[in-house]
1. Criterion first (closer than 18 Å to A:I130 by Cα, more than 14 Å from chain B (Cβ to nearest Cβ) and buried (at least 18 other Cβ atoms within 10 Å of the Cβ)) does A:S198 satisfy it?
2. Among the residues in segment B:28-49, are any within 14 Å of chain A (Cβ to nearest Cβ) and not in a helix (DSSP H, G or I)?
3. Please work out if A:M162 is hydrophobic (A, V, I, L, M, F, W, C), away from every other protein chain (no Cβ under 14 Å) and surrounded by fewer than 16 Cβ atoms within 10 Å (Cβ to Cβ).
4. Restricting to segment B:188-209, count the residues that are surrounded by fewer than 20 Cβ atoms within 10 Å (Cβ to Cβ) and either outside the structural domain of B:L241 (by TED's automatic domain parsing) or out of contact with any strand residue (DSSP E or B) (no Cβ under 7 Å at 6 or more places or on another chain) (or both).
5. Within segment B:54-71, count every residue that is within 12 Å of chain A (Cβ to nearest Cβ) and in contact (Cβ under 8 Å) with a residue 60 or more places away in the chain.
6. Among the candidates B:K74, B:K79, single out the residue that is within 12 Å of chain A (Cβ to nearest Cβ), modelled with pLDDT under 95, under 21 Å from the mean Cα position of the chain (by Cα) and assigned to a helix (DSSP H, G or I).
7. So is B:A129 surrounded by 17 or more Cβ atoms within 10 Å (Cβ to Cβ), within 13 Å of chain A (Cβ to nearest Cβ) and in contact with a Leu (Cβ under 7 Å, 6 or more places away or on another chain) or not?
8. Starting from segment B:243-259, take each residue that is free of Cβ contacts under 8 Å to residues at least 12 places away in the same chain and list its partners that are hydrophobic (A, V, I, L, M, F, W, C), counting only C-beta distances under 6 angstrom and pairs at least six apart or across chains.
Amino acid sequence: MNNPSYKKNFLILSVLGIVSFFLNISLGSVMIPIQDIIAVLFGKNASKESWEIIVLNFRIPKAITAVMVGSGLSVSGLLMQTLFRNPLAGPFVLGISSGASLGVAFLLLSASLFGGFLASSAITHWTLPIAASLGAFLVLSAVIFAANSVRNTMSILIIGLMFGSFASAIINVLSYFSEATQLQQFLFWSFGSLGNLSWNELLVFGIFYTVGMCAIFSIIKPLNSLLLGENYAKSLGIQIQKSRNIILLITSLLTGVITAFSGPIAFVGLAVPHLARLFFGTSNHKTLLPATALIGAIVLLICDVIAQLPTSEYTLPINAITSLFGAPIVIWLLIRKKKLVV
Amino acid sequence: MKNNILHTENLSIGYASKKTQTVVSENINFNIQKGTFVTLLGKNGIGKSTLLRTLSNIQQPLKGSVFIQQKALKSYTNKSLATCVSLVLTEPLPESQLTVFELIALGRQPYTNWVDTLSETDITSIDNAMQLTEIQHLKHNHFYELSDGQLQRVFIARALAQDTPLIILDEPTAHLDLHHTLKIFKVLKKLVAETSKTILISTHEVNLAIKFSDEIALMTENEFHTGTPQQLINKSMFDKLFPDEMIRFDKTLQQFVMK
């Protein structure tokens, strides 16, 4: 367990993490010289005041968002894969992301259905996250309720998928009846975005994220014994139902708050745990959890750099980048290893 | 009675849903003495696994109760039971990249702290378990690389590392050839002799059961008999084990022969 090669791997990943964080801050549509970025990072003045504002109020919040989104989604994916003992599980399968989308869809699209009631209440930065969290929480409550009356974890997986397609169907109906401008607004949200968060929003995001991540320490033991299956886990003294509910709760908290602030971001949650297993060659969660979080943060920081199309004025949707890179990685893993394991 | 590690009172086992109850076997009364090697015999589908699952609290009894160390099974928490009974099940392990050492180390979970740190006692237990089952050389292998026989000994080591007075194994010799079957029986017998643990297994190896067991529990359609192998032979109990069209039990050979 205290394999010395793990230390080396963590060292490499930490260096990679710092480099990609720095890269993420230094590249963008506006070219800022490296010495100015370093100056701003160490609290000194840059040679142009606008550069200072760009770095402090846009790029650093965006990089921190990328770290939280990447690590949070990846860890959620790992929890789902262990709980359902299914290598294709991820935060999306429980329908939590769809639930968040449904909340946002109701907020943005239902105006034309129900008249001016919602449209009149101004859509601010705050209403989106609240709507998304409510949607995620609603679907999660339904899934947990179902989970407690169904004993088989595979059935919960299917129930989650069903809730997901149910939510998608409602979103489709809403989209059909809504106007072009609102549809566009919803579409842009669903592309995913790491930017646009103010320091205040980042603080709220950070609090939820920290609560979720800290709670994971309490379930390292159940997660490890679940690798043997539920019956063995029970015989090792684990309370299956309770552990399962905690895992579901943490996942939905993390996924819900991330989707709320940055939109539904695909593939990170599914692909990163596999990268971590490949890199460390272990299933032990004590190693795998920090590894997954670290790799997730790095992956999203790099994806964001690519999405920026450095030095150009254009920004690609982050969701397009994660899928463009995520899908081939999963295919490559499958071909190379012949099979994916949990 | 003081020496009982496990006994049942009017136990009925089976499966219950909201409306129907499927009784697999009822009125099971037996007890197991500390430090014995007990085998559970019965034909396929008679309910051996159901009984073992009920005894280990994986499923609930329909009626009656199970007592472990004179204490009702119902009154144990999962955690306190984990220090009294350890299991080797027939179900295949979900795929993962656990190594042999990590798999056995999971047996220490009832004793480790909240982040599963292994203490020196834990490491010693794991090493002992590997030594007794002769699998030290496999320590760093992934479990999916092992043969069925090796894997079975790893499972036994995991149960041993859990350090419980009672170990229950469901058909530990299924899928194994004669050599490896014999090896498992010898390992289990050695454990009972050297560690004074109590071991209960279900098996189809009647001959080996007669040779190795301190006691045999026989499950038939309507009855449940326990006794030393010789007692059961003398009472012609083995004739009831299988329908007698094709085979019969030969008392002098102490084994089943074809008719």
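1. Considered against the rule, which asks whether it is closer than 18 Å to A:I130 by Cα, more than 14 Å from chain B (Cβ to nearest Cβ) and buried (at least 18 other Cβ atoms within 10 Å of the Cβ), A:S198 comes out as no.
2. no
3. Values: hydrophobic (A, V, I, L, M, F, W, C): yes; away from every other protein chain (no Cβ under 14 Å): yes; surrounded by fewer than 16 Cβ atoms within 10 Å (Cβ to Cβ): yes.
Yes, satisfied.
4. Matching residues across segment B:188-209 total 7.
5. So the answer is 2.
6. Details: B:K74 fails: within 12 Å of chain A (Cβ to nearest Cβ).
Being within 12 Å of chain A (Cβ to nearest Cβ), modelled with pLDDT under 95, under 21 Å from the mean Cα position of the chain (by Cα) and assigned to a helix (DSSP H, G or I) holds for just one of B:K74, B:K79, which is B:K79.
7. On the way: surrounded by 17 or more Cβ atoms within 10 Å (Cβ to Cβ): yes; within 13 Å of chain A (Cβ to nearest Cβ): no; in contact with a Leu (Cβ under 7 Å, 6 or more places away or on another chain): yes.
For B:A129, the condition - surrounded by 17 or more Cβ atoms within 10 Å (Cβ to Cβ), within 13 Å of chain A (Cβ to nearest Cβ) and in contact with a Leu (Cβ under 7 Å, 6 or more places away or on another chain) - is not met.
8. Pairs found: B:D250/B:V257.
The values are calculated or read from the model by the stated rules, or taken from the named source; none is laboratory data. In this text the structure is predicted, and so the values were computed from the model without any measurement. We place every Cβ from the backbone using ideal geometry, glycine too, and count neighbours over all the protein chains shown.
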